[in-house]
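Have a look at the structure below before the remarks.
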């Protein structure tokens, strides 16, 4: 997994949320829903959509710091 360059990210990209307070085997996968205009240090990410990833845009997102995200899903 790679660190995120906000200039290269796009809506629908897969990301993995793993902040420093999580254990090494703890993470959440998500999809980028929005790249906010008001910040360059965070993205809006959908984490919970009941596995309905093709309709992720219809679910609630969370504003998430880039420092807590990596590009791609972790399995």
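Once the piece of chain linking residue 75 and residue 37 is laid out straight, how much longer is it, given 0.36 nm per residue of separation minus the C-alpha distance between them?
So the chain would gain 10.6 nm between residue 75 and residue 37.
Give me the distance in nm between label points sitting 7 Å out from Cα along the Cα-to-Cβ direction at residue 67 and residue 6, one decimal.
1.3 nm
Can you tell me the relative contact order of the chain? Whole percent, Cα pairs under 8 Å, sequence separation 6 or more.
Working: 141 pairs, mean separation 30.0, N = 75.
Result for the chain is 40 percent.
Computed from the coordinates by the stated procedures, all read-outs in this text should not be read as laboratory data. Since the model is a prediction, treat every value here as computed from it, not as a measurement. Reconstructed Cβ throughout: ideal geometry from the backbone, glycine too, with neighbour counts over all protein chains shown.
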